[in-house]
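So the structure is just underneath, and the comments pick up after that.
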Ligand SMILES: N[C@@H](CCC(=O)N[C@@H](CS)C(=O)NCC(=O)O)C(=O)O
């Protein structure tokens, strides 16, 4: 059997790695998965891959890529350039990019941080992270009224980038009960072919 050329370094509960894994699966790209918990991320070998010591890292042959959004953009441009995951048209591309920025901003510092403080001892203010999460979720709920997906009327990188940490917000003590449109959107992502859930953690 042909050896997979692509390797993803991540951990099962990492939403940053999960969003990349979702895309690899949905593009039907073969890949190997290397678990890189904190002990591995601090090794000289891993720091050569990513000097920031973060997952995900993706290697494709000799190529080394860091950062979930950068990796997702690469995978679509390289392996699915004519797909709708990342459109070329100016306004549509900007709409997707907006949500990639939200994934790295409000999602990272809201639901993702609340979960990381709760379960992994990350430093930060839990109540501020939860406040950021609820502001984001209120916005998303209104934004999704009448829309099935975040950026366009079809799934794009925007949905995969934001999905994992929103779906697992309750693990950081953030309830989705007040956000029915967000819950409907999560179900749309979960219904996509090749979807795989992220590893669950205990509820906070
Ligand atoms: N901007 C990066 C952030 C990745 C990130 O924060 N990864 C976490 C795990 S989910 C990590 O590696 N944390 C370890 C650290 O920052 O030292 C991305 O989108 O990939």
Neighbour-count ranking for 147, 127 (other C-beta within 10 angstrom, fewest to most) reads 127, 147
At a temperature of 4 °C and a viscosity of 1.567 mPa s, determine how fast segment 143-204 diffuses translationally according to Stokes-Einstein, using the Kirkwood radius over alpha-carbon pairs as Rh; express D in µm²/s, rounded to the nearest whole number.
106
What base-10 log of the normalised intensity I(q)/I(0) is obtained for segment 94-174 from the Debye formula, alpha carbons as equal point scatterers, at q = 0.13 Å⁻¹?
-0.37
Order of 102, 64 from fewest to most other C-beta atoms within 10 Å?
64, 102
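Could you work out the percent of alpha carbon pairs in the chain separated by over 31 Å, rounded to a whole number?
In whole percent, the share of Cα-Cα pairs in the chain beyond 31 Å is 16.
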Given R₀ = 22 Å, FRET efficiency for residue 88-residue 35 by Cβ-Cβ distance, to 0.05?
0.05
PRE reach from residue 119 (point 7 Å along Cα→Cβ): which of segment 14-31 fall under 14 Å by backbone N?
14-19
Exposure proxy check: 125, 159 ranked by fewest other beta carbons within 10 Å?
125, 159
Report the semi-axes of the equivalent ellipsoid for segment 74-124 in whole Å, largest first, where each axis is √(5λ) for an eigenvalue λ of the Cα gyration tensor.
31, 13, 6
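Bear in mind that the values in this text are calculations on the coordinates, not laboratory data. Everything numeric in this text was worked out from a predicted model, so none of it was measured. Counting neighbours? That spans all protein chains shown, and the Cβs are built from the backbone with ideal geometry, glycine included.
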